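Q: Shown below is the structure under consideration.
Just so it is clear, none of the values below were taken in a lab; they were calculated from the coordinates. No experiment lies behind these values; they were computed from the predicted model shown. FYI the Cβ positions are ideal-geometry reconstructions off the backbone, even for glycines, and counts take in every protein chain you see.
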Amino acid sequence: MKPEDLLFTKTHEWVHLTTNPTGETIATVGISAFALEALTDLVFIELPPVGRRVEAGGAFGEIESVKAVSDLYSPVNGEVVEVNTAVADRLDRIAEDPYGANWLVKIKVAGDVDRSTLLSYDEYQKQCAEESH
Amino acid sequence: MTDCRLLIDPPAAGAWNMAVDEWLWHWAGKTGRWCLRFYRWEGPTLSLGYFQNHEDRQQHPPSLSCPVVRRISGGGAIVHDVEWTYSLAVPLKLPTNEPRANQTSEGLIVSRNSGCGRNMPRQWLYEVVHGTIVELLAHFGVHAQICGKVQEGKKAAALPFLCFQRRSPGDVLVGPIKVAGSAQRRNNDALLQHGSLLLARSLVAPELPGLKEIAGREFPFEFVLEVWLARLSDRLRLSWAEEQLSETERAAIDQLVLAKHNCPAWVIKRTRPELSMFFNS
């Protein structure tokens with residue numbers, strides 16, 4: 001996936017929305033390249049089990065880098081339908097492909113996605129630039 | 001200057017200490033205020049880093065007789081004994097009822113200039129607080145330095161069990177010996193950083209020398225505190241407001257001890273109870 005095609009949270013998760021053959025909206029969620037660069041040296045990640053219900057803006061997982069544990073936030077309401085468990089074994093290489101192989105969870109979206117809380121790629125780039133100063 | 005609540009606590013049980021830190025972390029997020037706390041431990045206590053496995057404590061036989069707690073922050077295990085422990089709870093955004101116009105307060109000028117506030121880089125706070133420890137030790141004639149980049153393996157399984165046997169950028173070293181380290185917990189609202197300054201070798205962590213062994217002298221905290229507070233005030237532009245825990249807060253923290261920090265489910269298995277009842281009141 002190209003980052004230009006994704007939406008982003010203010011907390012640095014990315015989301016890609018697709019519709020499956022049965023008409024359900026599936027949100028694929030990961031961590032942005034900007035956040036991964038800032039986090040550095042990831043050592044642990046905890047992702048939710050399949051079936052866990054998550055809320056937009058609520059924590060769905062946790063990550064540790066440089067002795068700091070941070071929450072990962074869901075961009076949508078819904079139910080976790082797939083978890084990329086392989087990521088935990090290659091945390092030191094997650095930044096090599098943050099928008100492809102290293103997605104974290106897929107969420108079956110419940111209700112409408114509140115796009116007002118999400119940023120376009122350009123808007124997210126602007127936020128990152130502000131945070132970098 | 002930004003107003004900062006200051007707590008200087010007597011020795012307490014490990015579960016209480018961990019519950020107070022967690023309470024203050026949420027308190028900072030809710031109130032938009034900073035809090036600095038210094039505390040000690042009733043007896044030697046082992047604290048596990050958030051993601052560490054409880055059974056890994058078998059790797060450290062000298063501390064097996066110690067009670068164990070689990071931190072909400074990351075990093076390796078710490079044997080808390082002859083040390084001073086600090087915690088710093090920092091709000092990452094203003095309270096929702098705070099008008100935007102108030103964001104021009106001096107505290108937020110600090111935010112813009114030095115990276116505080118919601119986008120504060122985690123490494124920055126390590127380096128600032130640890131920088132004050134380097135200055136503090138220099139005041140007492142001990143030459144310490146901040147650890148730079150390390151070559152240590154990043155795989156969690158390869159890291160030593162004890163925090164003070166690990167080396168991370170920002171740690172405080174005297175020669176090759178680590179004398180202070182910190183860890184963090186962060187959510188959208190607040191950041192908690194807590195850490196330890198090793199004053200002397202512990203009988204239950206005999207492999208770790210402290211400042212007493214390194215410098216050949218005692219470091220009574222009464223003398224240390226005044227200098228450390230002055231350095232922290234200067235670096236973080238904080239003014240201190242001593243404000244002990246209220247009875248209401250202590251009652252809530254008691255409940256947090258019972259529901260989480262004294263529970264094997266949390267300490268051994270890292271199972272988290274539903275806590276909104278403690279923090280939403």
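Q: Mind checking which strands (runs of 3 or more DSSP E) fall wholly inside the range A:65-133 and carry at least 2 residues that are exposed (fewer than 14 other Cβ atoms within 10 Å of the Cβ), in contact with a strand residue (DSSP E or B) (Cβ under 7 Å, 6 or more places away or on another chain) and of a type in the set (A, V, I, L, M, F, W, C)?
A: none
Q: A follow-up question, please. Being hydrophobic (A, V, I, L, M, F, W, C) and within 14 Å of another protein chain (Cβ to nearest Cβ) is the filter; apply it to the range B:173-186 and report the residue that is farthest from B:Val82 (Cα to Cα).
A: B:Ala183
Q: Listed residues B:Glu226, B:Glu274, B:Glu213, B:Glu247; which is out of contact with any helix residue (DSSP H, G or I) (no Cβ under 8 Å at 6 or more places or on another chain), within 23 Å of B:Trp16 (Cβ to Cβ) and away from every other protein chain (no Cβ under 14 Å)?
A: That would be B:Glu247, the only listed residue that is out of contact with any helix residue (DSSP H, G or I) (no Cβ under 8 Å at 6 or more places or on another chain), within 23 Å of B:Trp16 (Cβ to Cβ) and away from every other protein chain (no Cβ under 14 Å).
Q: Right, something else. Could you please tell me which pairs satisfy a Cβ distance under 9 Å, a separation of 6+ or placement on different chains, a first residue in the range B:44-63 that is within 14 Å of chain A (Cβ to nearest Cβ), and a second residue that is of a type in the set (S, T, N, Q) and part of a helix (DSSP H, G or I)?
A: What qualifies is B:Ser47/B:Asn17.
Q: Just give me the residues in the range B:138-172 being assigned to a helix (DSSP H, G or I), closer than 19 Å to B:Glu213 by Cβ and within 11 Å of another protein chain (Cβ to nearest Cβ), in sequence order. Explain how you work it out, then say what you get.
A: First, the residues of the range B:138-172 that are assigned to a helix (DSSP H, G or I): B:138-139, B:156-158, B:163-165.
From what's left, closer than 19 Å to B:Glu213 by Cβ: B:138, B:163-165.
Within the range B:138-172, B:Cys163 is the sole residue that qualifies.
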